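Chemist: The structure is given below, and queries will be raised subsequently.
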Amino acid sequence: MTKVYIIAEAGVNHNGSVTLAREMINLAADTGVDAVKFQTFIAEEVIGRRALKAPYQERLTLTGESQLEMVQKLQLDDNQHQELLDLCQSRGLDFISTPFDLASVDLLAYRLRLPRLKVASGEITNAPLLLKIARSGAKIILSTGMCSLGEIEAALAVIAFGYCTRDAAPSRTAFQKSYSSPEGQKALQQKVTLLHCTSEYPAPFEDINLLAMDTLRQSFGLPVGYSDHSQGITIPIAAAARGTALIEKHFTLDRNLPGPDHQASLAPAELKEMVRSIREVEVALGSPRKIATPSELENIPFVRKSLVAKKNIEKGDVLTEDNLGIKRPGGGIEPARYWDYLGLKAKKAYETDEGI
């Protein structure tokens, strides 16, 4: 049985409050997830003053507020990151975060020494960021929302170059050479998980395209997970049934809190139910072998049938359609041999319903 790695995405649903972030970690720990993920950024390094909000952000946040002003309120400082990391470790959870700028990579990879970082879908073309993360040696969860296969391959080429070189000058030619090399492919296979994702909040069911997970596996030969932005828990459960390696899902303490992501996030009870359901799916996937399972074997005699006497049969009588029947219990002569017995003479007398 392969265990799905479940990430509870806190993101920025702490609204810039470390107290709220701590409460989210404690809640997530009680649901049975494997990790809690946050987002790490210096707003002024990531968002220009002229950047507009995405349509879903416009709908869910203050009007007349720029994207930069919105995001500035959602930052956590270095010491708060350390505090949250310590709490995760004390609760048996992995602490993961998504860096959005180079200084945030330094914090997460070098100061906090996180073994795994997440790359957001919007950063997949940000080659300098990808290179810095890869050169830290951290494992990477690479989200692929809004991406073509060519864009994913280009990102993986940068990452392979980062894993395999230290001082070489970056260039597209060098990236592709590393991606095509055995060393580059080995590094990717050891350290990178791709995430299928639909970058809309909430994501319409008709745009989910879970079958694209198969395309990612076939195209890149890497573990593939799923980052869900749909409403409810149906789609993450379906992804688990398709053999995903990892599932990431936003959660919140209260969907009525102000902020851009709360309404597309799971409430606490829903997160717990999602985890429970995914764990059941893991067990149910079982083995590809089609055989009678131990729990089924004891039922065979009770639900299968055997050849029986339809009515009393005397020794020497010819077995015919009129006196040879098929009834429960099983364990006797299988009904598949019915035609073999028609026309034979009974070797003994049989009472009605007695097995032949």
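The values are calculated or read from the model by the stated rules, or taken from the named source; none is laboratory data. Everything numeric in this text was worked out from a predicted model, so none of it was measured. Quick reminder, even Gly has a Cβ in these numbers, built from the backbone with ideal geometry, and neighbours come from all protein chains shown.
Chemist: Which condition breaks for Asn15 when tested against (1) in a loop (DSSP other than H, G, I, E, B); (2) at negative phi; (3) not small (Gly, Ala, Ser)?
Modeler: The number of the failed condition is (2).
Chemist: Another question, then. When Pro128 is evaluated against the numbered criteria (1) farther than 28 Å from Arg172 by Cα; (2) surrounded by fewer than 16 Cβ atoms within 10 Å (Cβ to Cβ), which criterion, by number, is the only one it fails?
Modeler: That leaves (1) as the condition not met.
Chemist: Quick one: which of Leu156, Leu194, Leu210, Leu188 is of a type outside the set (Gly, Ala, Ser) and either at pLDDT below 95 or touching a strand residue (DSSP E or B) at 6+ places or on another chain (Cβ under 6 Å) (or both)?
Modeler: Leu194
Chemist: Would you confirm whether any residue within region 155-176 is within 24 Å of Asp228 (Cβ to Cβ), surrounded by fewer than 21 Cβ atoms within 10 Å (Cβ to Cβ) and out of contact with any helix residue (DSSP H, G or I) (no Cβ under 8 Å at 6 or more places or on another chain)?
Modeler: Scanning region 155-176 turns up no residue that is within 24 Å of Asp228 (Cβ to Cβ), surrounded by fewer than 21 Cβ atoms within 10 Å (Cβ to Cβ) and out of contact with any helix residue (DSSP H, G or I) (no Cβ under 8 Å at 6 or more places or on another chain).
Chemist: Scan region 183-199 residue by residue and report those that are under 18 Å from Lys118 (Cα atoms) and either acidic (Asp, Glu) or under 13 Å from the mean Cα position of the chain (by Cα) (or both).
Modeler: Once the filter is applied, which keeps residues that are under 18 Å from Lys118 (Cα atoms) and either acidic (Asp, Glu) or under 13 Å from the mean Cα position of the chain (by Cα) (or both), region 183-199 yields Thr193, Leu194, Leu195, His196, Cys197.
Chemist: Same structure again: Look through region 246-288, keep the residues that are of a type in the set (S, T, N, Q) and touching a strand residue (DSSP E or B) at 6+ places or on another chain (Cβ under 9 Å), and return whichever of them is farthest from Ser227 (Cα to Cα).
Modeler: Among residues in region 246-288 that are of a type in the set (S, T, N, Q) and touching a strand residue (DSSP E or B) at 6+ places or on another chain (Cβ under 9 Å), the one farthest from Ser227 (Cα to Cα) is Thr252.
Chemist: Considering (1) without any contact (Cβ under 8 Å) to a residue 12 or more places away in the chain; (2) within 43 Å of the chain's Cα centre (by Cα), say which one Gly243 fails and leave the rest.
Modeler: It fails just one condition, (1).
Chemist: Check region 50-58 and report whether any residue there is within 27 Å of Val275 (Cβ to Cβ) and over 20 Å from the mean Cα position of the chain (by Cα).
Modeler: Kept after step one, since they are within 27 Å of Val275 (Cβ to Cβ), are these residues of region 50-58: 56.
Okay, now just the ones that are also over 20 Å from the mean Cα position of the chain (by Cα), so 56.
The answer is yes; a qualifying residue exists.
Chemist: So, of the residues in region 1-12 that are assigned to a loop (DSSP other than H, G, I, E, B) and of a type outside the set (Lys, Arg), which turns out to be farthest from the chain's Cα centre (by Cα)?
Modeler: So, considering only residues that are assigned to a loop (DSSP other than H, G, I, E, B) and of a type outside the set (Lys, Arg), the one farthest from the chain's Cα centre (by Cα) is Val12.
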